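Have a look at the structure below before the remarks.
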Amino acid sequence: MTDDSSDDRLTVAFVPGVTLTKWTRAWAERRPDVPLTVAETSEAEQVAVLRDGRAQLGFVRLPVDADGLHVIPLYREVAVAVAAKDHAIAAADSLTLADLEGETVRTGSDFGPDDFDLVAAGVGILVVPHSIARLQSRKDLVSRPVTDAAETRIAVVWRAEPGSDLTASRIEEFIGIVRGRTARSSRSTPAESPQAPAKLRQGTNQSKAKRPAQSRGAAFAQQRKNAAARKKHRPH
């Protein structure tokens, strides 16, 4: 990854296991005038690339030192155990940490192909986020979810002082895409709260449902009133 802090592009860094496709595609459709550069970075460098300006946004694996950064957690990753394909865990649908007692287990997320090569050769077991295991999906490996292992979290992060107003505006626009904001929605849209749109729709539907019933009731009362008036003034 090279240093590119100019305002003519937006650079997004991401750690292994994160898939950016839906967001980068939306950006390309919405802002074809602003080039978007994406670059994979290691967990060891995931914050450094933001602080030194190599990237303006980063998709990181928590926890991180958040001093001077904005952090928005996005989703959680379940942990899976990865072993050689003929290992006993292949017979289970899921595991607990107790099932792995007596095994040589390494836990983490910053593992590369060499680590998985060792596991495929029968040297120990890795407990990693599911997205990392998926990256290393191979016929000589098997993975099973570990139900009581700690989950990890993915977050989007950027500097609290990102530089120019133009850069800050582009960061905010990309964050809006990540959070599901449409091109037509304003920055104050209620979509900031995932439950807000449903509540608003529910309230609108309820009010629409009540109005016809009230109108029918009022009309019926008026009809009765008119009928009574006609009867009163009808000649005997």
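The values are calculated or read from the model by the stated rules, or taken from the named source; none is laboratory data. Note that this is a predicted model, so its numbers are computed, not measured. No Cβ is skipped: glycine too gets one built from the backbone with ideal geometry, and neighbour counts run over all protein chains shown.
Odds and ends about this structure:
- Every condition in (1) outside the structural domain of LEU166 (by TED's automatic domain parsing); (2) in contact (Cβ under 8 Å) with a residue 40 or more places away in the chain is met by TRP27 except one, and the failing one is (1).
- Residue in segment 8-25 that is over 19 Å from ARG179 (Cβ atoms), out of contact with any strand residue (DSSP E or B) (no Cβ under 8 Å at 6 or more places or on another chain) and among the small types (Gly, Ala, Ser) present: no
- Complete set of residues in segment 152-168 that are surrounded by 12 or more Cβ atoms within 10 Å (Cβ to Cβ) and either more than 17 Å from GLU45 (Cβ to Cβ) or free of Cβ contacts under 8 Å to residues at least 60 places away in the same chain (or both): THR152, ARG153, PRO162, GLY163, LEU166, THR167, ALA168
- Condition check for SER185: modelled with pLDDT under 95, out of contact with any Leu (no Cβ under 7 Å at 6 or more places or on another chain) and not in a helix (DSSP H, G or I): yes
- Candidates VAL47, VAL15, filtered to the one that is modelled with pLDDT of 95 or more, crowded, with 20+ Cβ neighbours inside 10 Å, in contact with a Lys or Arg (Cβ under 8 Å, 6 or more places away or on another chain) and not basic (Lys, Arg): VAL15
- Subset of segment 83-110 that is touching a strand residue (DSSP E or B) at 6+ places or on another chain (Cβ under 6 Å) and under 21 Å from VAL18 (Cβ atoms) - its residue that is surrounded by the fewest Cβ atoms within 10 Å (Cβ to Cβ): THR107
- Residue within segment 76-88 that is within 21 Å of TRP158 (Cβ to Cβ) and of a type outside the set (Asp, Glu) present: yes
- Yes/no for VAL71 being over 15 Å from GLY17 (Cα atoms) and within 25 Å of the chain's Cα centre (by Cα): yes
- If you check ILE132, ILE171 for being out of contact with any Lys or Arg (no Cβ under 7 Å at 6 or more places or on another chain), touching a residue at least 12 places away in the same chain (Cβ under 8 Å), in the same structural domain as THR41 (by TED's automatic domain parsing) and surrounded by 15 or more Cβ atoms within 10 Å (Cβ to Cβ), only one passes: ILE171.
- When the test is whether a residue is free of Cβ contacts under 8 Å to residues at least 40 places away in the same chain, in a strand (DSSP E or B) and more than 30 Å from TRP27 (Cα to Cα), ARG106 passes it.
- Checked against (1) of a type in the set (Ser, Thr, Tyr); (2) at pLDDT 95 or above; (3) surrounded by fewer than 15 Cβ atoms within 10 Å (Cβ to Cβ), SER6 meets all criteria but (2).
- Screening segment 111-129 for residues that are in contact (Cβ under 8 Å) with a residue 40 or more places away in the chain and among the hydrophobic types (A, V, I, L, M, F, W, C) and picking the one that is surrounded by the most Cβ atoms within 10 Å (Cβ to Cβ) gives VAL128.
- Test: residue in segment 74-96 that is assigned to a loop (DSSP other than H, G, I, E, B) and either hydroxyl-bearing (Ser, Thr, Tyr) or at pLDDT below 95 (or both): yes
- Spans of strands (runs of 3 or more DSSP E) in segment 109-164 with at least 2 residues within 16 Å of PHE59 (Cβ to Cβ): 152-159
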